[in-house]
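The values are calculated or read from the model by the stated rules, or taken from the named source; none is laboratory data. Predicted model only: the values in this text are computed from it and were never measured. Quick reminder, even Gly has a Cβ in these numbers, built from the backbone with ideal geometry, and neighbours come from all protein chains shown. Quick note on the areas: whole protein, heavy atoms, side chains included, nothing else; ligands and nucleic acids left out. Shrake-Rupley method; radii C 1.70, N 1.55, O 1.52, S 1.80 Å.
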Amino acid sequence: MSGAPLRVDAAVLEQLATGSLVLAAGAAESAFRVALDWARASVAAHGPVRLLAPDELHGLRLCVTVTLVGSSAALAEQLPTGAETVRAVRALERLLGARADAVVALNTAGENALLSVAAAADCGLPLVDGDGCGRVLPLLEQSTFTLAGVAAAPLALATPSGDVVVVESAGGRVEDLVRPLVPAAGGWAVAVCYAMPGAVLAGSVVPGTVSRAIRAGTATPRDLFAPWSLRRLCRGRITAVEHPADEHGYGAPEPYERVGGPDTHPWPALPSRPTSVLVAETEGLGRHFRLEAHNEVLLALADGAPVAAAPDQILILSASADRRVLDVERAVPGVEVEVVVIPAAPAWHTPEGRRLARAGAVGPQDTQEDSW
Amino acid sequence: MVTRPTGRPVREGALTVAELVQQGRLAGVRMSGASGRGTEVRSVRIVDRTAALDTLEPHTAVVLTGRVAAAGWTVEMALRKAWEHAAACVVVTESAGRPGSVGALADRLGVPLLVIDEDPLDAAVRIASAVARPDAGRTALVAQAARALADAGLHAGRVLSALHAVLPSTAVALTGTADEVLAGRRAALSVEGGALTVRVEVPDGDGGSLGTLVARSGSRVAGWEETVRDVLGLAVAPLTAWCALRRLDDERTGHRAELLLRRLLKADARALGDDGPGAGPGEEERAEAAALGWPARGPLVAYALRPVAGREGPDPGPALRAVWATVGPGGPLVAYEGCWVAWQSVPPAEGADPLDDATRHLTDALAALAAYVPVAGGVAGTADSLLSLGPVLADACAAAGVAAAGDPGSVVRGDRMGAAQLLSAVPTELLRGPAEVVLAPLLAADRDGTLLRTLAVVLDAGAAPTAAAEVLGVHRNTVAARLERIRSLGFDPDDASQRLALHLACRVLLSGDGDGER
């Protein structure tokens, strides 16, 4: 992590905020502002947060993962008290009979990046430079930690009303248990979960995601995406946007939406629907691209052959100078675009990783057995 | 190689995608990626999982079902895999409700995408049976054509419609002997592009040619030409029968008209002799004539047509009637006394000679007829009414008989037939023998023909030697001396009992010499 800041102070926090939005095409602005204010206040009150590189984790006895659950729109309506993170961490500490040594974010995008800074500052703990996804996936259990054999439970949930709920699950049912609690909590809550020793975390964390977001926050528009190793699929023009109306092409509706993801749409925004974006390549072979999307682009076909698929992130960038990420819901025919892929962390490319990334995701169930 | 009872070989090649579509076995099929339609189909594979696409065999018709058929992207993947594995085509049902953008990839890859209206499994079974017996499909199309043609009956327009119904993307036309379109679509004669053209001759039933059936198809698939030829062949018999039927009908009409004219004239003759009230004989015939639109109001001029001597071919009646209807001066054309006669109402003459106009009209009509039937004609008139039409028709026929001795297209007026014209109508070939017998003594003595020519001129001139000398350009005494010699041989031009026979014999014998005395 050469050149990476070792501390997140007020200035670095602003860079992190900017960088965490680069890939977040559909983030809700008001919820993001609430999260930013929260992090600013925490850093101002408790001082800068120290960043821990993954190789510094060995020897730490307990690291905990923090994330928002529920809807970001609710976060903007029911404002946090600022005590939620501490209450959730303390509850888990009480249950486990040990003090936490470090905080790690489940993902480092949008509101979740800022929440993890606020949590670390509030608890006076260092923040791990890394996260449990490397990108954003909608379910609690869709993490590299799960792939490493770490259970999400026990999990402590702190609501803005001052309630704390601790969930212990025999395994695999955390999502089902937490989901009904969220509306009762007022729409959102802070979840602290995936408690594990530093050595385990060091082996399962996707490293460097916090410092990457900070670097992106200082980049010029031209090399905005330099911190990610982009692979360009094509440059072309959108020729059609289709909404296939079939009943079994796509999986069940989203279990529920977690706030803060760059590609998840805040509930209760317009329900997302399966969308096909057709792009005619304007250079090279003039291939026929089809981007299959449901919330995010799940699959890219070039002349019918898969060229990229989730869990790699497929992004549609506007071909104009500012190279903004184009939300799938806002894709319209005639727009010049660039289609790029950001590779997912290596853990996601194992068979188990692919299965976990897609199981709760929105792709057709039988695609698990497919080559893509 | 298998042969049918007719001995024609059956093509045993595998079914192509285009044939599969053309045979109409798949309900409501639409094809994208048509550039690959020439690919052979040798097997069928039902695919319900994308993983199965990795094991496609070449020349397979890939029928998508279930989830693979449900989304655009799965169909696109199937197209791609089909392309990679050289499969024949991808078949998907329309009910999946997929937008048409997938067709663009089919076009790009050249892999036919068949979108059908029916259950994919039913389609798979039908494709399998078509693949198993490719010739059965072709036979089925031919059978379908036979049924459609049987339903169409004997009518050129309906036969062509039936052909269009069974031959997809094919234009068919029936052209006449001059390449004019008699029925069907003009597009069949188009010469653009490299499409397939099939021509089949259609006989007219009398040993001639009615025309040609021309089919032009956008498809150049192997075997398709043969199928089109088979189907066109089925249409030949109904078209020939249609043609024969029309001719028979025409002939029957002609006979009926002929009979009616005879009855009409006979009745009129009776009416002329009968002073009784008008409601007498012929009333029924006149009503029938009026129904046929025959001219009845006088004055009437009569036309008669007759093939020129030596040019009589097969019955020219149908052709004459057909052409007369368009180029003739008017009126029906009815067979009568070895001629075809017509008559026409003309405006009452006021100074002008109605026969002048009639002659001109008939001359024009005969010129137009010359290309079909070489005929000559006569005009006569005028009759005050149908009652007096008989004699006028007889005059016209006589005039036509005279004209027929001349060149095709010549017209003779019944009121201006001279003796020479009448004589020229004599059948010289028949009379040459008897004439030579009658004049044998004269011919024996007459080495250079002088005596024969002198006798003919003297008879023409009414036995006046002076006038004859002028015609012959000799002295009167020379004529008198030759006459003496002729009389000494036993021929007397002044003898009334001999004169007609002598005159006729001279004419007959001199007619072949091209003499200019007429």
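Among (1) assigned to a helix (DSSP H, G or I); (2) modelled with pLDDT under 80; (3) in contact with a Gly (Cβ under 8 Å, 6 or more places away or on another chain), where does residue B:381 come up short?
Unmet condition: (1).
Could you check the stretch A:303-329 and list, in sequence order, the residues that are farther than 13 Å from residue A:340 by Cα and open to solvent by less than 10 Å² (accessible area, probe 1.4 Å)?
Across the stretch A:303-329, the qualifying residues are A:304, A:311.
Would you be able to say whether some residue in the stretch A:313-330 is at pLDDT 90 or above, in a loop (DSSP other than H, G, I, E, B) and over 24 Å from residue A:107 (Cβ atoms)?
No, the stretch A:313-330 contains no residue that is at pLDDT 90 or above, in a loop (DSSP other than H, G, I, E, B) and over 24 Å from residue A:107 (Cβ atoms).
Quick one: how many residues across the stretch A:294-339 are hydrophobic (A, V, I, L, M, F, W, C), within 18 Å of the chain's Cα centre (by Cα) and more than 10 Å from chain B (Cβ to nearest Cβ)?
The number of residues fulfilling the criteria is 9.
Only one of B:450, B:466 is polar (S, T, N, Q) and open to solvent by 60 Å² or more (accessible area, probe 1.4 Å); which?
The match here is B:466.
Residue check: is residue B:102 part of a helix (DSSP H, G or I) and open to solvent by less than 30 Å² (accessible area, probe 1.4 Å)?
Against the criterion (part of a helix (DSSP H, G or I) and open to solvent by less than 30 Å² (accessible area, probe 1.4 Å)), residue B:102 qualifies.
Does residue A:49 meet the test of being in contact (Cβ under 8 Å) with a residue 12 or more places away in the chain, surrounded by 24 or more Cβ atoms within 10 Å (Cβ to Cβ), under 22 Å from the mean Cα position of the chain (by Cα) and more than 21 Å from residue A:185 (Cα to Cα)?
So residue A:49 passes the test.
Return the residues of the stretch A:52-65 that are surrounded by fewer than 18 Cβ atoms within 10 Å (Cβ to Cβ) and more than 16 Å from residue A:116 (Cα to Cα); say none if nothing qualifies.
Scanning the stretch A:52-65 gives A:55, A:56, A:58, A:59, A:61.
Kindly check whether there is at least one residue in the stretch A:259-267 that is away from every other protein chain (no Cβ under 13 Å) and modelled with pLDDT of 60 or more.
No.
Hey, any hits in the stretch A:360-370 for a residue that's away from chain B (no Cβ under 14 Å), at pLDDT below 80 and either under 18 Å from the mean Cα position of the chain (by Cα) or part of a strand (DSSP E or B) (or both)?
yes
Table: residues versus (1) at pLDDT below 85; (2) outside any helix (DSSP H, G or I); (3) open to solvent by 90 Å² or more (accessible area, probe 1.4 Å).
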site: B:222; (1), (2), (3): yes, yes, no
site: B:231; (1), (2), (3): no, no, no
site: B:234; (1), (2), (3): no, no, no
site: B:246; (1), (2), (3): yes, no, yes
site: B:265; (1), (2), (3): yes, no, no
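Sort out which residues of the stretch A:166-194 are of a type in the set (Gly, Ala, Ser), closer than 19 Å to residue A:122 by Cβ and under 19 Å from the mean Cα position of the chain (by Cα), and write them in order of number.
Selection gives A:189, A:191.
Looking only at the stretch B:319-342, decide whether some residue is open to solvent by 60 Å² or more (accessible area, probe 1.4 Å), without any contact (Cβ under 8 Å) to a residue 40 or more places away in the chain and of a type in the set (Asp, Glu).
no
If you check residue B:10 against the conditions, is it surrounded by 21 or more Cβ atoms within 10 Å (Cβ to Cβ), more than 9 Å from chain A (Cβ to nearest Cβ) and at pLDDT below 90?
When the stated conditions are applied, residue B:10 does not pass them.
Any chance the stretch B:48-57 includes a residue that's in contact with a strand residue (DSSP E or B) (Cβ under 8 Å, 6 or more places away or on another chain), away from chain A (no Cβ under 12 Å) and farther than 23 Å from residue A:240 by Cα?
The answer is yes; a qualifying residue exists.
Taking the criterion of being surrounded by 18 or more Cβ atoms within 10 Å (Cβ to Cβ), facing chain A (nearest Cβ under 10 Å), among the small types (Gly, Ala, Ser) and assigned to a helix (DSSP H, G or I), would at least one residue in the stretch B:79-86 satisfy it?
For the stretch B:79-86, residues surrounded by 18 or more Cβ atoms within 10 Å (Cβ to Cβ), facing chain A (nearest Cβ under 10 Å), among the small types (Gly, Ala, Ser) and assigned to a helix (DSSP H, G or I): present.
Scan the stretch B:111-123 and tell me whether some residue there is at the interface with chain A (Cβ under 8 Å from one of its Cβ atoms), of a type outside the set (Val, Ile, Thr) and within 23 Å of residue A:278 (Cα to Cα).
Scanning the stretch B:111-123 turns up no residue that is at the interface with chain A (Cβ under 8 Å from one of its Cβ atoms), of a type outside the set (Val, Ile, Thr) and within 23 Å of residue A:278 (Cα to Cα).
Those residues that are open to solvent by 10 Å² or more (accessible area, probe 1.4 Å) and either assigned to a helix (DSSP H, G or I) or of a type in the set (Ser, Thr, Tyr) (or both), I need them from the stretch B:363-378; list them, please.
Residues satisfying the conditions are B:363, B:364, B:367, B:368, B:372.
Of B:146, B:171, which residue is surrounded by 15 or more Cβ atoms within 10 Å (Cβ to Cβ), part of a strand (DSSP E or B) and outside the structural domain of residue B:58 (by TED's automatic domain parsing)?
B:171
Take the residues in the stretch B:142-164 that are small (Gly, Ala, Ser) and over 24 Å from residue B:226 (Cβ atoms), then tell me which one is farthest from the chain's Cα centre (by Cα).
B:153
Against the condition of a type in the set (Lys, Arg) and open to solvent by 40 Å² or more (accessible area, probe 1.4 Å), how does residue B:138 come out, does it pass?
Judged against the criteria, residue B:138 is not a match.
Is at least one residue of the stretch B:116-129 over 28 Å from residue A:286 (Cβ atoms), open to solvent by 20 Å² or more (accessible area, probe 1.4 Å) and basic (Lys, Arg)?
The answer is yes; a qualifying residue exists.
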